[in-house]
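The structure appears below as structure tokens.
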Number of protein chains: 4
Amino acid sequence: MKNEVQSIAVLTSGGDAPGMNAAIRAVVRKGIYHGLKVFGIERGYEGLIHGMFREMNLGTVADIVHRGGTMLMTARSQEMLTPEGQKKAAEQLHHRGIDALVVIGGDGSFRGAQTLSVQSIPVIGIPATIDNDIPGTELTIGFDTAVNTVIESVSKIRDTATSHERTFLVEVMGRKSGSIALQAGLACGAESIIVPEIEADLDEVSSKLLRGHQRGKNHSIILVAEGAGSAYKIGEELRLRTGFDTRVTILGHIQRGGNPTALDVVTASEMGACAVDLLRAGKSDQMTARIHQQVIGLPLEVAYGPGKPFNQSLYDLANQLAI
Amino acid sequence: MKNEVQSIAVLTSGGDAPGMNAAIRAVVRKGIYHGLKVFGIERGYEGLIHGMFREMNLGTVADIVHRGGTMLMTARSQEMLTPEGQKKAAEQLHHRGIDALVVIGGDGSFRGAQTLSVQSIPVIGIPATIDNDIPGTELTIGFDTAVNTVIESVSKIRDTATSHERTFLVEVMGRKSGSIALQAGLACGAESIIVPEIEADLDEVSSKLLRGHQRGKNHSIILVAEGAGSAYKIGEELRLRTGFDTRVTILGHIQRGGNPTALDVVTASEMGACAVDLLRAGKSDQMTARIHQQVIGLPLEVAYGPGKPFNQSLYDLANQLAI
Amino acid sequence: MKNEVQSIAVLTSGGDAPGMNAAIRAVVRKGIYHGLKVFGIERGYEGLIHGMFREMNLGTVADIVHRGGTMLMTARSQEMLTPEGQKKAAEQLHHRGIDALVVIGGDGSFRGAQTLSVQSIPVIGIPATIDNDIPGTELTIGFDTAVNTVIESVSKIRDTATSHERTFLVEVMGRKSGSIALQAGLACGAESIIVPEIEADLDEVSSKLLRGHQRGKNHSIILVAEGAGSAYKIGEELRLRTGFDTRVTILGHIQRGGNPTALDVVTASEMGACAVDLLRAGKSDQMTARIHQQVIGLPLEVAYGPGKPFNQSLYDLANQLAI
Amino acid sequence: MKNEVQSIAVLTSGGDAPGMNAAIRAVVRKGIYHGLKVFGIERGYEGLIHGMFREMNLGTVADIVHRGGTMLMTARSQEMLTPEGQKKAAEQLHHRGIDALVVIGGDGSFRGAQTLSVQSIPVIGIPATIDNDIPGTELTIGFDTAVNTVIESVSKIRDTATSHERTFLVEVMGRKSGSIALQAGLACGAESIIVPEIEADLDEVSSKLLRGHQRGKNHSIILVAEGAGSAYKIGEELRLRTGFDTRVTILGHIQRGGNPTALDVVTASEMGACAVDLLRAGKSDQMTARIHQQVIGLPLEVAYGPGKPFNQSLYDLANQLAI
């Protein structure tokens, strides 16, 4: 890693997240700004193994900064989990004279990157997932957009909840993490928020519904992270306890797409640029992390470390404000 | 009905639709403009039977023109289906000296209105339902907003479909009517549109997917009206025929809410005003209808008549443009 | 014009309007569907004269249906106003064996088209302008989007107007036509609407402000079409008459762009397809027009005929509802 | 300040900002949660001096969390700048037995608060201004929403810029601070960003335009903070240097309004709750500040201290990515 990098590649891997395009653009343009050659790899590790490279220039990444999804496409690769696949992947890079790789994705994608690092290819990870569940960084690319998409959707659902005086359970993404449910729930004034990190107390949720009813409030929104249990079951439990009609809406894939928010684009741009700076400084096995309004490099291991602590104080606040 | 109306009431009934508030505002302000007293009835026929009236003034309907839902709330009333309920409802109006009633809702709501008409209460119906399935009017209040909500949502889903090269089936509202699916499908460039009015030819849909694949197009959006069959089953059928991975998203209740579009507000305003004019002219048992850019009164029976013909030529066009 | 067209071209001209891309896509795909060759001409008549042609295929127009602006770009051409320019333009088409031309734009663009028609090139015009000021068609492409953009912007401005209890004058587009001001004004509940077609009665506007003030309403939105006089001067006049602080915001170019609404895309798609059908049927010198929910061909002269009548009844309604 | 507060009041002052309502709601509900009485004061210091108080309860702040503007209204008060006004203001609070005041606004509003503090009324400031120019806090309420509004608007303008191949100068808010211009400019991929903090090098801006032109890029967006000079003059200078047609759009008041983003609502909620906690802990003369993902109390003087340093590295990044 003594020699300066002269040629780098970038790929997106795992689930898509709004802001990935802004990160790609930043890697490409920051690279070109410093005189590097930059290659884009299509379809994640699948494309890496099978040689789907294209050289990127300023124009290739024009007009994508504000678009959702990823222009390089993404995929999940079984082959990259095998030693053979990993070897082929490294060969594709060596053979093209590409010195280093930037991987935009989640922690699974970072593990793939490290199999290349042990084959002497410097790698940098950029955390992009709407779940915001990667330790070490305050923010992952896509989270802010997803939360805003949820509050826009809930705002529409609230029109119906209010008009029909109903209790709506809205299931949002987050298998292991209640981050989206928590932020969006606080932001849209949800009456209750149910997350995987904290055992739901349905008696308490029911009491709150009944208390609201007594003061004349006949509609409620309850946000349920998908990992916290079936929204349908929870709805049924609440119906049994309160006698209120409950409805369930599962927001689903609309949470993954859409034009990224300013915060996601700015973060993605800073992370993309930071990745190039790290490679130019001879670093590897790092991920870009946003900490205290700055983007810096941290060891990739941080991403696999103990999970991000749940923001208990924000959760408590949400409960206090939804009395 | 010789005597001029001096006091009218307005209610919303059935499922809520964006633009109902604009219609309420128009009834109230147009009524006040002509010197009438106007009462709002909360919770539809339920509130009518149980006397939930409030007098409306200019300020009561301030700042609602652009809000989704209905400030008067809505409900489905079992009691209004019984002769006793219908009698109570008429008594509530007679007893308050209210001369006439405007009902904002779908065809079921209009039938309730006619039970009052036979008890000497002039009634006018304003068609409001996102399904646009009421005969006689080109447009029902809420439809344009719902269609735009669908295309915004599909636009987000398309980001993921493109990035992951997947086929997405998006289920939209419409139990008997494919109107939302058709308009939104054409407007968002859906590759196929499946509606209740036309038997889906899954072989043809599959061929189109395969043809697209051959020209290098690996993602598709298929819009499915809920009445056209289970999106999950259709997705599975397509997977079996094509070998492509398919995903399903059910848009659900977000389609009912949201701020109304300009077209829905303008139509609702014209219809609300027309309803007042019809009552002032001594009419009853009419619904307001938008025909040829104008809003006029038509007999309420039109709403129960033969269903709106399916827009076959628009459907054909959508297919031709999605080759 | 006996022989069937086999090869057509399409261009956009004049000011851009949301939905132009959907019209281009419809011309291209409907043409290909019927076995025609379709060429796109970049930069309007300027590109026609200078030979900026590209052959279009299904993929060329993929993923544009919901995007604002025009992928073919547009320009105003001085050269096309000269006989030499017109001759060159016709030669470019003849020389490439292109049989007919579709022009997407306003009435000025249609006049350019007719100079080609007299040189034996069948032409069809598709009316696209946010001003909705072309006679013969109920709707021009872009109008519905522009109106919705205005109401979203006014909705933001109303937050400040309400919070600061101020009177805001919002200037919207429309040099000769008050259509945007009128539709948007009614749709956002503007307190007054000032249009070029009707002499503004500032005494009446002031009285309304003062009446509102007396009932406790201290904020107002007044929509002013740009052709109706300087919003600053009107604001100053109102300030002098009422003593209220007035502010002016000029919405400007944000009204021209943005993703088209469903109505604009559907209309544009129908018009694009209709244009191809008209050419295939041997027609020329026609424009596509939306009348009574259908898109048909009308003589191009209609576009230059007596202006669209101002919708006085909608204007009166807006005034009645804003009492 | 030994005795625990039992009754507090809250007001909004200065320019409105999206998220103010969420802050009010948090002060009210967090206060009630802890058993306090909470009063809302309408129209800022003007209302304080003239006794416009209302007691707030849970329902008073229902359904406002996601709305722009301020339900308490705001005003600029000349009287509060005088010793008499300040005395009256304190008396209004003393006389009602209100123990403490929360002021939501900018640094000018905080100075007003301190005149009450010297009259033995504990005060806490919550920084709310779209300009994000208050030292000590990473974020002020309203900034994130304003930036996102700007990028949505620029996105519409870019449609026209691209279609007409023009250079657009878009003037955004920020008299002394280029924060909005910088964040939004980076987020929307503006070709140049002109801010008050850094002398604009119009030769460099022109060179970039010409370089872009040479690679075939004929449209550009230049963001200009209002304090950086007249966008019209800058546009004219660029036209003279490059020969390109330039257009100017002034975004104006739409930047102040609109529904707040998730980040603004969450920050506002945390700040409102923190203000109540600070008062309960016997603090005064503090402002709530967001630092390192936490909201804490800082001395109010921090707000008047040396200005926030300009984010030079973000500015450099924006330039590098817009090569």
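The values are calculated or read from the model by the stated rules, or taken from the named source; none is laboratory data. The structure presented is a predicted model; accordingly, all values stated were derived computationally and were not measured. Using ideal geometry, Cβ is built from the backbone for each residue, glycine included, and neighbour counts are taken over all protein chains shown. Accessible surface is based on the protein model in full, side chains and every heavy atom, while ligands, DNA and RNA are left aside. Shrake-Rupley method; radii C 1.70, N 1.55, O 1.52, S 1.80 Å.
Checked against the criteria, D:Gly212 does not count as surrounded by 18 or more Cβ atoms within 10 Å (Cβ to Cβ) and at pLDDT 95 or above. Scoring B:Ser313 on the criteria (1) more than 14 Å from chain A (Cβ to nearest Cβ); (2) in a helix (DSSP H, G or I); (3) buried (at least 24 other Cβ atoms within 10 Å of the Cβ) leaves a single failure, condition (3). Pairs linking a residue in the stretch B:45-65 that is open to solvent by 20 Å² or more (accessible area, probe 1.4 Å) to a residue that is aromatic (Phe, Trp, Tyr), with Cβ atoms under 7 Å and 6 or more positions apart or on different chains, are B:Phe53/B:Phe39; B:Arg54/B:Phe39; B:Glu55/B:Phe39. State yes or no: is C:Gly258 touching a Lys or Arg at 6+ places or on another chain (Cβ under 8 Å) and crowded, with 21+ Cβ neighbours inside 10 Å? Spelling it out, C:Gly258 is indeed touching a Lys or Arg at 6+ places or on another chain (Cβ under 8 Å) and crowded, with 21+ Cβ neighbours inside 10 Å.
The residue that is nearest to B:Gly257 (Cα to Cα), among those in the stretch A:149-182 that are more than 8 Å from chain B (Cβ to nearest Cβ) and of a type in the set (Gly, Ala, Ser), is A:Ala161. Among the candidates D:Met20, D:Met71, the residue that is open to solvent by 10 Å² or more (accessible area, probe 1.4 Å), within 14 Å of chain C (Cβ to nearest Cβ) and not acidic (Asp, Glu) is uniquely D:Met71. When the residues of the stretch B:264-281 are filtered to those that are away from every other protein chain (no Cβ under 12 Å) and open to solvent by less than 30 Å² (accessible area, probe 1.4 Å), the one that is nearest to B:Ile24 (Cα to Cα) is B:Ala275. Residues in the stretch C:242-263 that are more than 10 Å from chain D (Cβ to nearest Cβ), closer than 17 Å to C:Lys217 by Cα and not polar (S, T, N, Q): C:Gly243, C:Phe244, C:Asp245. Residues that are open to solvent by 50 Å² or more (accessible area, probe 1.4 Å) and not in a strand (DSSP E or B) were ranked within the stretch C:282-301; the one that is nearest to C:Thr115 (Cα to Cα) is C:Glu301. Residues that are free of Cβ contacts under 8 Å to residues at least 12 places away in the same chain and within 14 Å of chain B (Cβ to nearest Cβ) within the stretch A:210-241 comprise A:Gly216, A:Lys217, listed in sequence order. Kindly indicate whether any position in the stretch B:198-209 is in contact with a Ser or Thr (Cβ under 9 Å, 6 or more places away or on another chain), within 14 Å of chain A (Cβ to nearest Cβ) and open to solvent by 10 Å² or more (accessible area, probe 1.4 Å). Looking through the stretch B:198-209, none of the residues is in contact with a Ser or Thr (Cβ under 9 Å, 6 or more places away or on another chain), within 14 Å of chain A (Cβ to nearest Cβ) and open to solvent by 10 Å² or more (accessible area, probe 1.4 Å).
Quick one: in the stretch C:125-148, of everything that is among the hydroxyl-bearing types (Ser, Thr, Tyr) and either open to solvent by 10 Å² or more (accessible area, probe 1.4 Å) or away from chain D (no Cβ under 14 Å) (or both), which residue is farthest from C:Ser220 (Cα to Cα)? Show your work before the answer.
Let us first name the residues in the stretch C:125-148 that are among the hydroxyl-bearing types (Ser, Thr, Tyr), namely C:129, C:137, C:140, C:145.
If we keep only those that are either open to solvent by 10 Å² or more (accessible area, probe 1.4 Å) or away from chain D (no Cβ under 14 Å) (or both) too, we end up with C:129, C:137, C:140.
On the way: C:Thr129: 29, C:Thr137: 33, C:Thr140: 30 Å.
Checking each candidate, the answer is C:Thr137.
Where in the stretch D:79-183 are there helices (runs of 4 or more DSSP H), lying wholly inside it, with at least 2 residues that are without any contact (Cβ under 8 Å) to a residue 24 or more places away in the chain?
Values: elements: D:83-95, D:107-117, D:143-164.
So the answer is D:83-95, D:143-164.
Does the stretch B:194-202 contain any residue that is aliphatic (A, V, I, L, M), under 25 Å from B:Pro18 (Cα atoms) and not in a loop (DSSP other than H, G, I, E, B)? Yes, the stretch B:194-202 contains a residue that is aliphatic (A, V, I, L, M), under 25 Å from B:Pro18 (Cα atoms) and not in a loop (DSSP other than H, G, I, E, B).
Looking at the stretch D:39-77, which of its residues are within 21 Å of D:Ala90 (Cβ to Cβ) and among the polar types (S, T, N, Q)? Correct list: D:Thr74, D:Ser77. D:Ala187 fulfils the conditions (1) more than 14 Å from chain A (Cβ to nearest Cβ); (2) in contact (Cβ under 8 Å) with a residue 40 or more places away in the chain; (3) not basic (Lys, Arg) except for a single criterion, (1).
Considering the stretch D:83-124, and only residues there that are over 20 Å from D:Gly14 (Cα atoms) and of a type in the set (Val, Ile, Thr), the residue that is most open to solvent (accessible area, probe 1.4 Å) turns out to be D:Val118. Considering the stretch C:29-46, and only residues there that are part of a helix (DSSP H, G or I) and more than 9 Å from every other protein chain (Cβ to nearest Cβ), the residue that is nearest to B:Leu317 (Cα to Cα) turns out to be C:Gly31.
Do you know which residues across the stretch B:23-38 are open to solvent by 30 Å² or more (accessible area, probe 1.4 Å) and among the hydrophobic types (A, V, I, L, M, F, W, C)? The answer is B:Ile32, and nothing else. When residues of the stretch B:282-307 are filtered for being out of contact with any Ser or Thr (no Cβ under 9 Å at 6 or more places or on another chain) and either closer than 17 Å to B:Gly105 by Cβ or away from every other protein chain (no Cβ under 13 Å) (or both), how many remain? Residues that pass the stated criteria total 8.
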